[in-house]
1. Pick the calculated volume of the Cα convex hull per residue in Å³ for this structure from (i) 143; (ii) 172; (iii) 133?
2. Need the C-alpha centroid separation for the range 108-125 versus the range 139-192, integer Å.
3. Ordered by packing density, taken as the mean number of other Cβ atoms within 10 Å over each peptide's residues, highest first, how do 180-189, 80-89 rank?
4. For the range 181-252, what does the alpha-carbon gyration tensor say about shape, rounded, prolate or oblate, given a ≥ b ≥ c as the root eigenvalues, a/c under 1.5 as rounded, and a/b over b/c as prolate?
5. Quick one: which residues, 5 or more positions from Arg6 or on another chain, have an amide H under 5 Å from its amide H? H modelled 1.01 Å from N in the peptide plane, none for Pro or chain starts.
6. Among the listed pairs Lys164/Lys185; Lys100/Lys184; Lys36/Lys58; Lys76/Lys100, give every one whose C-alpha distance is greater than 29 Å.
7. Compute the distance in nm between two label points, each set 7 Å from the Cα along the Cα-to-Cβ direction, one at Leu206 and one at Lys175.
8. Could you point to the residue in Cys222, Val9, Ile60 farthest towards the positive end of the chain's charge dipole, with +1 and -1 charges on the Cβ of Lys/Arg and Asp/Glu respectively?
Amino acid sequence: MDEIRRVAVIGTGVIGAAWVTLFAVKGYDVKAYSRKAETRERGLKNVQSNLDFFVEKKIISESDKQRALARITMVKEIAEAVNDADFVEECTGEDYDIKKNIFREMGKHAPDHAILASSTSGLSMTEIQKVVAQKDKCIVTHPWNPPHLIPLIEIVPGLETSGKTTDTTFRLMEKLGKVPVIVKKEVAGFIGNRLAAALWREAIDLVDRGVATVEDVDKALCAGPGIRWALMGTHMIYHLGGGEHGGYDHFIDGIGNTTFKAIWEELETRDYITEPVKEKLSRGVEEEMKGRSFQDIIRWRDDKIIDILSAKEDDFWGDPMSYPVYDRKNITQKQDQKVHKEPADVRKMKEKVA
């Protein structure tokens, strides 16, 4: 079945609530399951908070919010959640035993055509799908937090996942306004978390060795390379760094195999964070917060995410590398047009999210 109309979300924590928010806003009927009544209640409150944020940012209207809420049903049994679902999104603990038990129940009660997806951030679908009969319908759809705002979705088929399941899932994610990428081989951490793990390991080492404070490591990242990363990936950045005539080849020969080689030889290879290092990092983050509350920082983060998404060119999401041909006249015209634009109120986010 290619047409997805009814969705089930299994787990109503932070990730599950974000999925419920996005599916409901985009017009899908959603049944959301959590075993405990208090978890269901907390999940629905998170959904309402997400929707309130969308209304405040003028992404949706108050009536849109009420229609989205009317599409959501909270249930206390997996069978009730999945029995008429076309697509199921599992968002439970990052543990094979937990995932397998949940998938076993999902597979037992879901219709034969239903796609069974997992939000796992690194577990193997080849392993998880072993416990269900409809192995060809199982797939990973790994979002980035917060999933109702961050566009990236990593689609990871298992060895027995069908091409049709992958294609249908890809099209669904595009309809949701996501930017899907397909991970062709199962590797720990997929793409994004694998890159993030390498960066985090070095960020930890810089603090542990006394090279810089937690705050200055974070500043160096978000005020430097992080700005470029919002627009393009590492490969394209270094291609441009090699110059118009030499490009990536020149960068690799001139810097990659010289300057970077020396850095790579010195990089830390730790695979565990000790208690003393953990304490050092935790103290550093507390100092960096400067008395601000956790929720204050989350709110600031989400506001800025909306601003960044609003600033993207209209054609960015279809092809992030689709840069327009440089033309000073066009640049000037775009600057003039921006003067008359509504302020960072997400014209395109209305299409991507609402």
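The values are calculated or read from the model by the stated rules, or taken from the named source; none is laboratory data. As the structure is a prediction and not an experimental result, all values here were calculated from the model. So basically every Cβ, Gly included, is an ideal-geometry build from the backbone, and we count neighbours across all protein chains shown. Areas reflect the complete protein model, heavy atoms only, side chains present, ligands, DNA and RNA absent. Shrake-Rupley method; radii C 1.70, N 1.55, O 1.52, S 1.80 Å.
1. Evaluating volume of the Cα convex hull per residue in Å³ on these atoms matches (ii).
2. Result: 12 Å between the Cα centres.
3. Numbers: 180-189: 13.7, 80-89: 22.6.
Packing order, densest peptide first, comes out as 80-89, 180-189.
4. Details: a/c = 2.16, a/b = 1.23, b/c = 1.76.
Oblate, because a/c is 1.5 or more while a/b does not exceed b/c.
5. When sequence neighbours closer than 5 places are left aside, the close amide H contacts are Asp86, Phe87.
6. Working: Lys164/Lys185 17 Å; Lys100/Lys184 22 Å; Lys36/Lys58 33 Å; Lys76/Lys100 19 Å.
Result: Lys36/Lys58 exceed 29 Å.
7. 4.3 nm
8. So the residue furthest toward the plus end is Ile60.
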